[in-house]
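A short worksheet on the structure shown next.
The values are calculated or read from the model by the stated rules, or taken from the named source; none is laboratory data. Computed from a predicted model, the values in this text were never measured in an experiment. Backbone-built Cβ (ideal geometry, glycine too); neighbour counts: all protein chains shown. SASA here: full protein model, heavy atoms, side chains in, ligands and nucleic acids out. Shrake-Rupley method; radii C 1.70, N 1.55, O 1.52, S 1.80 Å.
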Amino acid sequence: MTNLEKQEDEILALQSIFDNKFRLLDENNQYEILINFDLIEPIVIEFNNEKSLIHYLPSFTLIIHYHDQYPSDYPPSFILSCFYFSKLSLQNLCRKLDNYPFIKGEVCVYDWIELIKQEITNEFTIHTKIDDRLNDPRALNGFLNENIDQIYQYLINYNNEQEEKQFQKKLQTCSICTDILPGIDCIRLHRCGHFYCQSCLNDYVKMTLDNGKFGEKLVCPQNQCQKALLPNEIKQIINDDHLYQRYEKLTLQHALELMNDIIWCPRCQFAVLAGNGDDNLAICDQCHFTFCKKCKETFHFQVMCPKDYLIVQLKLQQQKARERLLKQQEEERERNRVGEEKDQKRIARQQEKAQIELAKIERGKITSMKKNLARQQYREIILDSSEEDILLEKILAAEQLEASNTQLCPNCRVRIEKNGGCSHMHCSRCNFDFTWSVPEEPKLPEMTSLLYHASNTKSVQAIKEKLNPNLNLVQSSEQKTDSDQLKENENEQNSKILINNRSLLGSAIIKRVKQCPNSLCNKINVKIEEDNWIVCNGCLKQFCFSCSQPIDGPQHFEKKCDRYTSFK
């Protein structure tokens, strides 16, 4: 097949593909093809940091010129033309077509068209820099720096026109009445893109105007959409000329009311230009009424308008009222401050008096305790130094338990702690209900026992330091003459500690402990709480804390001693 036959076949194929986008220019040697970019997804065009979403682009022009050596030896000549492609972009595209692999004997125009379509991706930037030094005669366009902004706006307008054409060709569903009708019978709002049929929008605009809304208050009927309708859209919607004139009048009046230099004539309600003069004179061009801008009354020559004078007097009254209120608030704050200082001083005096009274009571208690020491029957205990810490810890634990916010159940004598609520108490052990008794005198902050009054501390080490000066060492009755016997006596003396009731601290300890009556045990036991029924920690024998006699059961407390006694 000759070159001419292949060229004719290619022209026939391109005519069938592009139809009206194909045009012969010079018999069969030169033709023009308008290439549309088939945008499956919308693209973003960018210009001077502005971006717009585009669904349609204008056609790209490809001009082909055949020669005798095509397609046997060389590809055809071509010219590229596109007004929104820069000169640099077109020249780069020319080089891509030059570098496209040409197969001798095969036509290539359709492949070039597909290559050109690939130039548009998901983004397209309109370049603002033009290099005049590059000049490829095959790249034709009118792209200049001074018309770049016009090109950008043209692309946006072209896209809107094409979208409107596509919208009118398809069937649409009105969002108000849900009727299905051709898009050409609908009105699509420019600012938001929502669309409705002509009848529904006409009824909506009439109802909105009857409710006194116009101008920017006449918005899209779509829920949550606050885009205002454009004036040309409203004119297209309203079929009633009288209603549209009313809309224009209301809109104009509203616009004039928003202008600071427009006032209304009090006689004929005609708009009057107030001007920027210092005087209050205004003259109506309609009825020639001369009036004051401030009070809207007949013009007066006073320096100050009565309305301005009234406003000044009201401001003075408000200023005086604010000053009077501030003065009252300041006086009230001063009275509150003085009252708070008096209250703080009174509370401080009461606290000081209470502390003096408490200290006096404590001194009286300690004095009474010291007087009772001489009348007490002499008692003493002897224990190993290794047992001293354990004994003192048990005594302190018992003292702290009794000093806490607890009371004994009147029925089963188990100790119960009160952590809030009313005075009604319920024992979970025996299900007995009773009323919490409130002591007449408040407890001391640390503990209320004899041990606290004696040592004023709850530390085992501190009690030992106060107790050591009052300790008596048990001397051995046997005498040793050699040095070894003397060392044994010293070790024996250091291992035994004697505590008697001739001091406050010793008396507090002696009253709390009893020695097991079992001669084979003699274990020192600590009384906890008020129960006199003691079980020895060493031999597990039972004895009475009051009389130190062995007991076999509760009948001992029914006949001889009280089961529960306190240390106070």
*Quote the Stokes-Einstein diffusion coefficient, in whole µm² s⁻¹, for segment 508-568, based on the Kirkwood radius over alpha carbon pairs, a temperature of 10 °C and a viscosity of 1.306 mPa s.*
136 µm²/s
_Under 5 Å, built H, 5+ apart or other chain: amide partners of GLN172_ = LEU181, GLY183
*Nearest 20 debye, what's the magnitude of the dipole of segment 512-567 about its Cα centre given +1 on Lys and Arg Cβ and -1 on Asp and Glu Cβ?*
220 debye
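Within the set LYS169/LYS227; LYS170/LYS249; LYS345/LYS370; LYS371/LYS514, which residue pairs have Cα atoms separated by over 29 Å?
Where the Cα-Cα span goes over 29 Å, the pairs concerned are LYS170/LYS249; LYS345/LYS370.
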*asked:* Run the reach check for LYS296 against lysines, Cα to Cα strictly under 16 Å, same-chain hits fewer than 8 apart removed. What comes back?
replied: LYS307
_Using the Karplus curve 6.51 cos²θ - 1.76 cosθ + 1.60 with θ = phi - 60°, what ³J(HN,Hα) values do you get for each residue of segment 56-69, in whole Hz, with x for Gly and Pro?_
9, 10, x, 6, 9, 9, 10, 10, 10, 10, 7, 10, 5, 8
*Could you give me the radius of gyration and the Dmax of segment 135-243, taking only the C-alpha atoms into account and expressing both in angstrom?*
18.8, 65
*asked:* For a protection proxy built on the mean count of beta-carbon atoms within 10 angstrom, sort 411-418, 366-373 highest first, please.
replied: 411-418, 366-373
*Go through LYS294/LYS327; LYS523/LYS559; LYS51/LYS96; LYS294/LYS320; LYS6/LYS117; LYS213/LYS294 and tell me which ones have a Cα-Cα distance over 32 Å in this structure.*
LYS294/LYS327
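Give me the percent of accessible area attributable to carbon and sulfur for segment 512-567, probe 1.4 angstrom.
Details: 1420 of 3170 Å².
Solvent-exposed carbon and sulfur of segment 512-567 make up 45 percent of the total.
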*DSSP loop trypsin sites (Lys or Arg not before Pro) in segment 58-99 with at most 11 other Cβ atoms within 10 Å of their Cβ, which ones?*
none
